[in-house]
1. Every residue in segment 832-842 that is in contact with a strand residue (DSSP E or B) (Cβ under 6 Å, 6 or more places away or on another chain) and open to solvent by 40 Å² or more (accessible area, probe 1.4 Å), please.
2. Suppose we filter D454, D439, D403 for residues that are out of contact with any His (no Cβ under 7 Å at 6 or more places or on another chain), open to solvent by 30 Å² or more (accessible area, probe 1.4 Å) and within 16 Å of V479 (Cβ to Cβ); which single one remains?
3. Go through N115, N131, N108, N155 for me and flag whichever is free of Cβ contacts under 8 Å to residues at least 24 places away in the same chain and either crowded, with 23+ Cβ neighbours inside 10 Å or not charged (D, E, K, R) (or both).
4. Residue check: is E391 of a type in the set (D, E, K, R) and open to solvent by 10 Å² or more (accessible area, probe 1.4 Å)?
5. Of the residues in segment 364-386, how many are among the polar types (S, T, N, Q) and either within 21 Å of M426 (Cβ to Cβ) or not in a helix (DSSP H, G or I) (or both)?
6. Quick one: R38 ticks every box in (1) closer than 18 Å to R9 by Cβ; (2) open to solvent by 50 Å² or more (accessible area, probe 1.4 Å) bar one, so which box is it?
7. Hey, among F151, F178, which residue is outside any helix (DSSP H, G or I), under 18 Å from L200 (Cβ atoms) and aromatic (F, W, Y)?
8. Could you list, in sequence order, the residues of segment 457-466 that are under 20 Å from S540 (Cβ atoms) and open to solvent by less than 20 Å² (accessible area, probe 1.4 Å)?
Amino acid sequence: MNPFSSGTRLRDMIRAIRACKTAAEERAVVRKECAAIRAAINENDQDYRHRNLAKLMFIHMLGYPTHFGQMECLKLIASTGFPEKRIGYLGLMLLLDERQEVLMLVTNSLKQDLNHSNQYIVGLALCALGNISSAEMARDLAPDVERLLQFRDPNIRKKAALCSKRIIKKVPDLAENFMNPASSLLKEKHHGVLITGVQLCTDLCKVSSEALEYFRENCIEGLVKTLRDIANSPYSPEYDIAGITDPFLHIRLLKLLRILGQGDADASDCMTDILAQVASRTESNKNAGNAILYECVETIMSIEDNGGLRVLAINILGRFLSNRDNNIRYVGLNMLMKAIMVDAKAVQRHRATILECVKDSDASIQKRALELVYLLVNESNVKPLTKELIEYLEVSDQEFKGDITAKICSLVEKFSPAKIWYIDQMLKVLSEAGNFVKDEVWHALIIVISNASDLHGYTVRALYRVFQASTEQESLVRVAVWCVGEYGDMLVNNVGMLDIEEPITVTESDAVDAMEVAIKCQRLGLTTKAMALIALFKLSSRFPSCSERIKDIIVQNKRSLVLELQQRSIEFSCILQKHQNIRSALVERMPILDEKTFSGRKAGSLPTAVSTSSIIPCNLPNGIGKPAAAPIGDLLDLSSDDAPPAPVSSGGDFLQDLLGVDLSPASAPSGTSQSPKTGTDVLLDLLSIGTSPSVQSSSSAIDILSSSHDNKAPVSNLNGLASHSSLSANATSPASSAGMMDLLDGTGAITQKHEENGPAYPSLVAYESSTLRMTFNFSRQPGNPQTTFIQATFTNLSPNVYNDFLFQAAVPKFLQLHLDPASSNTLPASGNGSITQCLKVTNTQHGKKLNRLEACWGSIALSSNHFGNFEYFGQGYIWHV
């Protein structure tokens, strides 16, 4: 016989597949077998149809496609014999699912089999319907399944109950049809039928509130009686597991009672006695008993309040924590985290056991126990619990120190009874695991220290002692360095000595030595060394006798390869050598930091850039955007690109946010006259780029746009607006200023002058130095406002002739720039001639981006015959298109 013919037995095919040594050989065997099965299907081979389908199911389990055999399942289901139907239903459940359209064809066969006289065929149909039933099939066959719940054979009733679970899951509206049959199943003596009936009632309660009320009124007493009978039943070998009668039924009954008792005081009272009996009589030396106890505890914690039962339940969980099985301990910790929300006092009794779990070798139990300890802490027990955690922190594993440290810091900050206790505990944490704390922790500690004025001396001495012992914990070193820099004089003079302190003698030289150690320590990072350098700079004023030594240490860091340290050293050295008159003011003690402000920033409720005391609120209602910024605000890019045009306000709002100053007229001192300047003028005055008092025109805005350096290629920096020089007479005249503001689309209230060929704009000297002058002439065509024509004129002011002239420019993305060729590539000397070049700039978003100043950067490359090399002139200039 052909080994791959349709007559091959299933065991022969399995043997051939298992004999394959490679995946390619297996694919070849499966391919040949599938080809033989296809041929048999095409020939409508009825003799081996069930054998072929059995092969297809095995091939399907190997992961190969078998969709071509789906119709064979339907043909076998439609046959009359039980063996064929059994293979057909098995293939139906394995090869198809509820999403297959082919499944619609089997509904009629299922209906016939549900009414079959052979109970085994009825069982096959119920199994298939319970596994792959769709919503449509459930609606069509629900009456037949409901009828079978009253069938004479217990196996059929059991399968019908499981099938009913699938039906109400797919069609919740049918739940009311199954309430009465389901309640009758709860009176069954057969445990298989009873457990499926309990499962069906549980699902009905979840999907239907009517079913929940129905079972509360009619079934609670019966369920309690059933649970009592099972708990008190004698040994039964048929249902006994580890000395407990049917623990699965125990658990199902407890789950149903939990749902019925939740939120109903009367139902909870009915089940109190049996829950207490189960909780007290069930043995916990076997897993089956622990499972029942866990479900019993969860039921007790879910039903309405009963103090005595809850204490009993929490004591059971406490016994779980003493179990040697890690899984049971983990489950107990999880349940205690839920129980603490209900009865925290009862959980507190097991505090010692929970703390022992924190020290467990299992990482999962450690973390869960630590979370539970965190929930247990309150004002009354914060000291002993924190002490226990800090003691364990000393011996804990490195990978666990981060979690413990975070919890301890949070607890100390939240429940601290006094600032001195807070400082002591934080110093212990930082000395043990300072490298594991976040920056916010030592920031908060510094703020608390600054606010505790009576503890400054105590704190700086304690930190100095710890610093002398070790410099391994960087966060601790940072706090110590900050405190020595601020309160070094208190350290030396023993100011604010407390009774609990031991006397310590520290000289000014010792304090400087400590800061020098911090700067030179290779383990410490840049931030720590920079803080130590600042502390030394402050000590130079507090310790005059050590000022020369401090100056030498600072000077040594001028050669540091780290730019931050080098820059700080140079600046501090300059102050120490040349600006002694301002040093004392610079190194004054930090003002007391506001704890509430820091807490607000930490919580994300306050801005971190500006102190809240200096912010004047804009009083904007919810949903209202901020006012459009003034032109200088646009220059600083303080407004949104996508924001629609809005009326220009005074500019004070964004200046308040930016500078933290009050620009309102009311802030002027009484008796002084106040000019009607807007916020823009204030900012221009601040940057020293405003107009002269005699000229109140818009030229101040243009004055920002030019800068020059003698005989050097000028460099423009939009961020450094303080570098500026006056424009030429043409650019600063009132007429040109008015025209320029008009070109900027209305940043000043200037009336445009129109000519026949469109608006006329004055010339603008965009750049001028000792060697080159660049002038722009602007024009627009009528009816085409989005396009601006610019004629650039370049004049050589030096005595040298420049060849290979090249002008380049760039614009933002929403602008289009077209450069025409220059009139010449040679620029005559001494202003004897000029080069002109035309530019066309088109605003593709005209009408959308109004009142917006855009930056355009240009560069000019020239070749000088006199010097024989290239000179590059670069200038940034700004205009609006």
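The values are calculated or read from the model by the stated rules, or taken from the named source; none is laboratory data. None of the values given here were measured: they were computed from a predicted structure. Methodologically, a virtual Cβ is constructed for each residue, glycine included, from the backbone with ideal geometry; neighbour enumeration extends over all protein chains shown. Surface areas here come from the heavy atoms of the whole protein model, side chains and all, with no ligands, DNA or RNA. Shrake-Rupley method; radii C 1.70, N 1.55, O 1.52, S 1.80 Å.
1. S834, T836, C838, K840
2. Checking each option against the conditions leaves just D439.
3. N108
4. yes
5. 4
6. Only one criterion is unmet by R38, namely (1).
7. F151
8. Of everything in segment 457-466, just one residue is under 20 Å from S540 (Cβ atoms) and open to solvent by less than 20 Å² (accessible area, probe 1.4 Å), namely V460.
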